[in-house]
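Read the structure below first, then the notes.
The values are calculated or read from the model by the stated rules, or taken from the named source; none is laboratory data. Keep in mind it's a predicted model, so treat the numbers as computed, not measured. Cβ placement follows ideal geometry from the backbone for every residue including glycine, while neighbour counts extend to all protein chains displayed.
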């Protein structure tokens, strides 16, 4: 029991209590966990971090990931709501302005070590892309001369 975050969780080293997610659901969970972490590092005026569909979409674009379609997004939101990972604060989930409350249970859906490793991989990937773009620009400049 985590009294600080007011939630109860079950932990098993073998992963016996884990839910198998599809690739899209796993990506959505990672995106939400990253947003949660970023919001928690900032100053919070509410007990739970809030985000919008627009912010979620922007995070997908940051990592150059395809955003799920309307139906798939709605199914994923329903699944995460069922497991108390988030709550929609607005009725129309498919609007970019739709707000979501991110619950502290996201801390236990993915542990911080996993998130940090993913963050490091993303940073390394971004550095590779920046280097490739720089080399490509240098090649183009050299070719133009």
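Going by what's in this entry, would residue 63 be described as modelled with pLDDT under 90 and either farther than 15 Å from residue 36 by Cβ or not assigned by TED's automatic domain parsing to the domain that holds residue 25 (or both)?
Yes, satisfied.
For the stretch 46-65, name all the residues that are over 12 Å from residue 31 (Cβ atoms) and assigned to a loop (DSSP other than H, G, I, E, B).
The answer is 46, 47, 48, 49, 64.
Name the single residue that is surrounded by the fewest Cβ atoms within 10 Å (Cβ to Cβ) among those in the stretch 76-94 being within 17 Å of residue 55 (Cα to Cα) and free of Cβ contacts under 8 Å to residues at least 24 places away in the same chain.
This residue is 92.
Would you confirm whether or not the stretch 95-110 contains a residue that is under 15 Å from residue 51 (Cα atoms), in a helix (DSSP H, G or I) and either modelled with pLDDT under 90 or over 16 Å from the mean Cα position of the chain (by Cα) (or both)?
Yes, the stretch 95-110 contains a residue that is under 15 Å from residue 51 (Cα atoms), in a helix (DSSP H, G or I) and either modelled with pLDDT under 90 or over 16 Å from the mean Cα position of the chain (by Cα) (or both).
Out of the residues in the stretch 66-90 that are assigned to a strand (DSSP E or B) and under 21 Å from residue 22 (Cβ atoms), state the one that is farthest from the chain's Cα centre (by Cα).
The qualifying residue farthest from the chain's Cα centre (by Cα) is 88.
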